[in-house]
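Below: the structure, in structure tokens.
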Amino acid sequence: MIAFGPVPSRRLGRSLGINNIPPKICTYACVYCQLGRTIKMQAERQSFYEPEEILQDVRGKVEKTREAGESIDYLTFVPDGEPTLDINLGREIELLRPLGIKIAVITNSSLMWREDVREALMKADWVSLKVDAVRGDIWRRIDRPHGTLRLASIQDGMLEFAKAYTGHLATETMLVEGVNDSEEHLGKIADFLARLQPGVAYLAIPTRPPAEKWVRPPQEEAINRAYQILSQGVGQVEYLIGYEGNAFAFTGDVEQDLLSITAVHPMREDAVDEFLARAQPKQWAEADWGVVRRLVAQDRLVEAEYRGHRFYLRRLRGRKDRD
Ligand code: SF4
């Protein structure tokens, strides 16, 4: 099946997925990949399906979804492999256009050095680029790229693309404890993102079983530090932890709202104060620090210090994999 969903996505609303690559053909073999180990490493683009076959499958799914009275916000190329390996990607985007739905591509960026890949991605409305590492040794350790790939040319291609692209550009950085989460390396990622200028930079941590058993998400302190450092390079940084919370929708349930907001980004102590002050006149139950203290005691919120400020974060790592 090529089209799947629609599934709810915090980034893209209701997203209909397009699996344009057979499993799991990729230019990378990321240590944290939730699809398991790469079956076929490949850096050459090729045709996998006829573009018309993709159109037919997606169109069928769109029609069924519409008949059920449901909406779709994005058609998203998010296969079990690297979507830009598909040599027909640009043509497929063109064929899908008449369906009248915005189109997104989530790529690992490895083929951005190629002009034909940049040209294909230019046609999409929303593109997410992976930026796990900006140092060659760290890149090789975390993403384990195909031997013919060169990080410097990939980065040049990304910068060239970002300069010309008029759609919505996002980046995604997966943090793995002890691999790419040092302060020094994160500072370098922030510098690169400052040049790339994405609309939003997402920070992710492994939340599902990774390809390699030793992979761990960093401690909350380190995740908070990463957030603060990346924020120095990019205006908007958000967590992406597979939690599709209702961020910033003040529902009247103080506890739930605090958990939803902190799932997207850490809240500084003064921001929590402000939030509680806004909730109090509305007479929401428990709009005081008591609720925060209880969430900390229950280990659902975590306190972390960074540069003289106290932050509150949602417990992001599973409680059992903490130690
Ligand atoms: S780029 Fe994506 S599909 Fe490929 S190995 Fe990495 S996480 Fe898995």
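For a 21 Å ceiling on Cα separation, which of these pairs sit above it: Lys102/Lys123; Lys61/Lys102; Lys123/Lys163; Lys40/Lys61; Lys130/Lys188?
Lys40/Lys61
Give the shape of segment 62-124 as rounded, prolate or oblate, defined through the alpha-carbon gyration tensor: a ≥ b ≥ c are the square roots of its eigenvalues, a/c under 1.5 means rounded, and otherwise the shape is prolate if a/b is larger than b/c and oblate if not.
Judged from the Cα gyration tensor, segment 62-124 comes out prolate (a/c at least 1.5, a/b above b/c).
How high is the relative contact order of the chain, in percent, counting Cα pairs under 8 Å that sit 6 or more residues apart? Kindly include the intermediate steps, with their values, before the conclusion.
Details: 607 pairs, mean separation 45.2, N = 323.
Contact order relative to length: 14 percent.
How would Lys24, Lys130 line up by accessible area, probe 1.4 Å, largest first?
So, going from the largest accessible area down, we get Lys130, Lys24.
Where in segment 10-38 is the amide nitrogen less than 20 Å from a point lying 7 Å along the Cα-to-Cβ axis of Glu50?
Residues 19-22 qualify, since their backbone N sits under 20 Å from the label point.
Read phi for every residue in segment 120-129 and hand back ³J(HN,Hα) as whole Hz from Karplus 6.51 cos²θ - 1.76 cosθ + 1.60, θ = phi - 60°, with x for Gly and Pro.
Per-residue couplings from phi come out as 5, 5, 4, 7, 7, 8, 8, 10, 10, 10 Hz.
So what's the gap between the Cα centers of segment 287-311 and segment 1-40, to the nearest angstrom?
Measuring centre to centre over Cα atoms gives 35 Å.
Using modelled amide H (1.01 Å from N, peptide plane; none on Pro or chain starts), what sits under 5 Å from the amide H of Tyr202, excluding residues fewer than 5 places away?
Amide H neighbours of Tyr202, under 5 Å, 5+ apart: Thr171, Glu172, Thr173, Glu238.
Relative to the longest principal Cα axis of the chain, at what angle does helix 151-164 sit, 0 to 90 degrees, rounded to 10?
Rounded to the nearest ten degrees, it is 90.
Return the calculated 222 nm mean residue ellipticity for the chain, to the nearest 500 deg cm²/dmol, obtained by summing -39500 (n - 2.57) across DSSP H runs with n ≥ 4 and dividing by the residue count.
After summing the helix terms and dividing by the residues of the chain, the value is -10500 deg cm²/dmol.
Apply the Kirkwood formula to the chain: the hydrodynamic radius equals the inverse of the mean of 1/r over all pairs of different alpha-carbon atoms; give it in Å with one decimal.
About 20.8 Å, per the Kirkwood formula over Cα pairs.
Please report how far the C-alpha centroid of segment 48-91 lies from that of segment 203-234, rounded to the nearest whole angstrom.
Each part reduced to its Cα centre gives a spacing of 30 Å.
Quick one: ranking Trp126, Trp214, Trp113 by accessible area, 1.4 Å probe, largest first, what do you get?
Values: Trp126 10, Trp214 135, Trp113 115 Å².
The ordering from most to least exposed comes out as Trp214, Trp113, Trp126.
The values are calculated or read from the model by the stated rules, or taken from the named source; none is laboratory data. Computed from a predicted model, the values in this text were never measured in an experiment. Neighbour counts run over all protein chains shown; Cβ positions are idealised from the backbone, glycine included. Surface accessibility is based on the protein's heavy atoms, side chains included, excluding ligands, DNA and RNA. Shrake-Rupley method; radii C 1.70, N 1.55, O 1.52, S 1.80 Å.
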